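The values are calculated or read from the model by the stated rules, or taken from the named source; none is laboratory data. Quick caveat: nothing in here was measured; it's all calculated off a predicted structure. Every residue, glycine among them, receives a Cβ derived from its backbone with ideal geometry; neighbour counts consider all protein chains shown. Accessible surface areas use protein heavy atoms only, side chains included; no ligands, DNA or RNA. Shrake-Rupley method; radii C 1.70, N 1.55, O 1.52, S 1.80 Å.
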Amino acid sequence: MTQGYGPIELTFEDQGDWVLGKVLEHRAAASPDRPFLQWQDEAALGFAETNRAVNRLAHGFAAAGVGHGDRVMILLPNCAEYVLTWFALAKLGALEVPVNSHYRGQFLEHVANTCQARLVVTDAEFLDRFAESETRLPHLERIYLRSSAGAAKPELKRLQLHDFGELVSGNDRDPGVEVAAADPVAILFTSGTTGPSKGVLMPHAQMYFFAEQCANLMRLGGDDVFMNPFPLFHGNAQFLTTYPCLIRGARAVLYERFSASEWIDRVRRNGVTVTNLLGVTMDFVFKQPARADDADNRLRVVYAAPPANAILDAFKARFGISEFVNAFGQTESCWPLMTPHGEEIPPGAVGKVVDDWYDVRLVDPETDLDVPDGEIGELVVRHRVPWTLCDGYYGNPEATAKNMRNLWWHTGDGLRRDADGWFYFIDRVNDALRVRGENVSSFEVEQVGLSHPDVAACAATSVRSDVAGGEHEIKLSVVLRPGREPDPVSLIRHFETHAPFFAVPRFVEYLDALPMTPSEKIQKHLLRKAGVGPDTWDRVAAGVELEHERKRRAQHRQKG
């Protein structure tokens, strides 16, 4: 049995070709009519057609003043234009800044002000958020609207509104901008833990290699159909689905959102051979009523992060899937751990070291000294090939230096390793939370809580979710200001106004004081250990529904 994953097969051996625009030009020439980009159940765009559309958009962005190194925010629901915008910016050497479509208030302002983007591409449904924050967005100048349907336009005092159609030029030739593999292609904001969310600065070469890793894990080929219903503002739908398909000449099928009830129908209807299931979505699919024809599909491999091991064998048998694969890493580091093909994966294992490309250690997070096999340590990573690790956090040299200390990238993830070289994820070393498929910063949740007039102090911690998939619910421990009475419903409505739905706590507990260390740090481990007690208020048990949940329920009723 090998100790490592084994070699990664590269489509382009020369790292100078690890540039998104070059890959698209190559694929458009090599496979011009092969279907590539399919939006929901519409006809797929071919590679050459996609390339022409991207070039027209790239020239439009250039005419709007976007050039090499500029940052452009994308705040859109999943749509084909999202991918075309991402690709067009990459061709100019500009950087996409994907924004979570649920962000508003200080969450949105933090992203915009950190990346200092002058332009954003969005929809009218999000305009009210920019109107609310306009005076706190000093760098933003122009808003390009992909769609104006279904929403009234609020009054803007300074920001200029433009139609997305203005960016579509008549020139479908490659813009001819020199872009290097070491140049940055994106700033992807990931969860903060002891501070606000951090913008991961990703080079072209790193994004390309991440996509190649996925193509290897899935053994992706030109005849494959890869379905992903998850948000394009996350890397999973971008460089772990769309980009691998671009590299290998496969078809990418993207949907607006995940649907457990429609999952198998989409798989069957599109001839899907490869797909992803994230967190609790595997459990949601499995809980749908079983059908006699569930296994009547072309699906051969699923990447599950993480797989719900309690139902894994039954899931494979029910849907006729021969293989589940897994990998472990983060936006900053790609996948230093992957599951080798042909080896039986021990329950709970996330992979073995991709040792041709990364050095990996498990260390004591206090001393950075190695821990022995079987003990839990922080995963630290060092890349063997240039530009396959992120360039740090944009505009945040302090956080970059903290994570890249002693010449190793510190992931903040606690894992253990067995004697056969398999790694097992245990928990975050720090205080990040994972809720509804989203990484949530406990710091940012706490900042919203502190902005409520009744709250003197608060701490956000995790409570294990009651569905399979290794996710969390948020518990907010609150100390009230003198003379204020507990009002959890008011607190929840405050969160709805100032935070995305997945950052709204489910549980609220009121304490006289938070447990503190002698150095005045909150002892969150004690709050986590306490969990949900008899005096903890549960939003779900109390029947307090979020607006997001009401809308989703109404949509399900309309679909019958």
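May I ask you to give the percent of accessible area on the chain that is carbon plus sulfur, with a probe radius of 1.4 Å? Write down the numbers at each step before the final one.
Details: 11160 of 22470 Å².
Answer for the chain: carbon and sulfur cover 50 percent of the accessible area.
Could you tell me what a quarter of the Cα convex hull surface of the range 200-321 works out to, in nm² with one decimal place?
Working: hull surface 29.4 nm².
Here the figure is 7.4 nm², rounded to one decimal.
Could you calculate, for the chain, the ratio of the Cα radius of gyration to the Kirkwood radius, expressed as Rg to Rh?
On the way: Rg = 23.2 Å, Rh = 24.6 Å.
Using only Cα positions, Rg/Rh for the chain is 0.95.
Per residue of the range 289-303, in order, report the coupling 6.51 cos²θ - 1.76 cosθ + 1.60 (Karplus, θ = phi - 60°) as ³J(HN,Hα) in whole Hz, putting x for Gly and Pro.
x, 5, 10, 5, 9, 4, 7, 7, 7, 9, 5, 10, 8, 10, 8
State the Cα centre-to-centre distance between the range 206-268 and the range 15-93 in whole Å.
Answer, in whole Å: 16.
Just to verify a number: FRET efficiency for D535 and T367, C-beta to C-beta distance, R0 = 41 Å, to 0.05? Provide the component values of the computation, followed by the final result.
Values: r = 39 Å, r/R0 = 0.95.
Approximately 0.60, to the nearest 0.05.
Per residue of the range 210-226, in order, report the coupling 6.51 cos²θ - 1.76 cosθ + 1.60 (Karplus, θ = phi - 60°) as ³J(HN,Hα) in whole Hz, putting x for Gly and Pro.
Taking θ as phi minus 60°, the curve returns 4, 5, 5, 4, 5, 4, 5, 4, 8, 6, 6, x, x, 8, 7, 10, 10 Hz for the range 210-226.
Given the rule -39500 (n - 2.57) for each run of at least 4 DSSP H residues, summed and divided by the residues of the chain, what is its mean residue ellipticity at 222 nm, to the nearest 500 deg cm²/dmol? Intermediate values should be presented prior to the final figure.
Working: 15 runs with 146 residues, N = 560.
My calculation for the chain gives -7500 deg cm²/dmol from helical runs alone.
In terms of solvent-accessible area of protein heavy atoms at a 1.4 angstrom probe, what is the ranking of H204, H234, highest value first? Can you show the working numbers first?
On the way: H204 5, H234 55 Å².
Sorted by accessible area, descending: H234, H204.
Over all directions, the average projected area of the alpha-carbon convex hull for the range 194-259 comes to how many nm²? Each step should come with its number before you reach the end.
On the way: hull surface 22.5 nm².
For the range 194-259, averaging the hull's shadow over all directions gives 5.6 nm².
Using θ = phi - 60° and the Karplus curve 6.51 cos²θ - 1.76 cosθ + 1.60, what whole-Hz ³J(HN,Hα) does each residue of the range 157-167 get, with Gly and Pro shown as x?
Coupling constants for the range 157-167: 8, 10, 5, 8, 9, 9, 8, 4, x, 5, 7 Hz.
Rank these residues by their accessible area, most exposed first, probe 1.4 Å: W18, W537. Walk me through the numbers on the way to the answer.
Working: W18 5, W537 55 Å².
Reading off the accessible areas and sorting them downward yields W537, W18.
Using a Förster distance of 45 Å, how high is the FRET efficiency between D128 and A401, based on the Cβ-Cβ distance and rounded to 0.05?
Working: r = 38 Å, r/R0 = 0.85.
In this case the efficiency is close to 0.75.
Accessible area per residue, 1.4 Å probe, Å², for the range 170-246: what's the number?
Values: 1830 Å² over 77 residues.
Counting only protein heavy atoms, the per-residue value for the range 170-246 is 24 Å².
Amide H neighbours of L480 under 5 Å, at least 5 residues apart or on other chains, H built in the peptide plane: list them.
Answer set, sorted by chain and number: A456, L511.
Going down the list K352/K529; K157/K198; K287/K551; K524/K551; K287/K316; K402/K524, which pairs span over 24 Å between their C-alpha atoms? Before the final figure, lay out each step's value.
Working: K352/K529 31 Å; K157/K198 29 Å; K287/K551 22 Å; K524/K551 34 Å; K287/K316 14 Å; K402/K524 21 Å.
Going by Cα-Cα distance, K352/K529; K157/K198; K524/K551 fall outside the 24 Å limit.
Express in nm, to one decimal, how much length is gained between E344 and D454 on full extension, taking 0.36 nm for each residue of separation and deducting their alpha carbon distance.
34.2 nm
Just to be sure I understand: of the beta bridges DSSP finds with both ends in the chain, what percent are antiparallel, rounded to 5? Can you show the working numbers first?
Numbers: 49 of 88 bridges.
Just about 55 percent of them are antiparallel.
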